[in-house]
Amino acid sequence: VQLQACGGGLVQAGASLRLSCAASGGTISAYTVGWFRQAPGKEREFVTSISKYLYSVNGRFAISRDNAKNTVYLQMNSLKPEDTAVYYCAADSGYGGTTTEDYDHWGRGTQVTVSS
């Protein structure tokens, strides 16, 4: 499966953004999909995920899936400057997890910049 993340941009603190992760070459419902982010000079970190069993880990950011569009979304609300990073989506055919090693398929990232 190939993944393409998009939807990033430059926003002010407190704003919202919705990122999309579109899949091709595979059915996204067959995968656990995770979102990660990487800020300059920092390691890539786990944000949230949604399993192929529909269990999702949500906090300030909410993840959802549209099987008809073969796409997973990341709704980000109340953005803060510290949320500035390149955001990546990744897929795993199993249960996924919270580390980069848990995912086999990665898309190119999309830049999110939050100004204060």
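What follows is calculated from the coordinates using simple rules that are stated; it is not laboratory data. Keep in mind it's a predicted model, so treat the numbers as computed, not measured. All Cβ positions, glycine included, derive from the backbone under ideal geometry; neighbour counts span all protein chains shown.
Values for this structure:
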{"read-out": "Cβ-isolated cysteines (cut-off 4.7 Å), the chain", "value": "Cys6"}
{"read-out": "Rg/Rh ratio calculated on Cα atoms of the chain (Kirkwood radius)", "value": "0.95"}
{"read-out": "Hz values of 3J(HN,Hα) by residue in the stretch 16-28 - Karplus curve (6.51, -1.76, 1.60), Gly and Pro given as x", "value": "10, 9, 10, 8, 10, 10, 8, 9, 9, x, x, 9, 5"}
{"read-out": "Amide H contacts of Thr48 (H built 1.01 Å from N, under 5 Å, at least 5 apart or other chain)", "value": "Trp35"}
{"read-out": "Highest-fluctuation residue, Ser20, Ser64, Ser49 considered, GNM on the chain with Cα pairs under 10 Å", "value": "Ser64"}
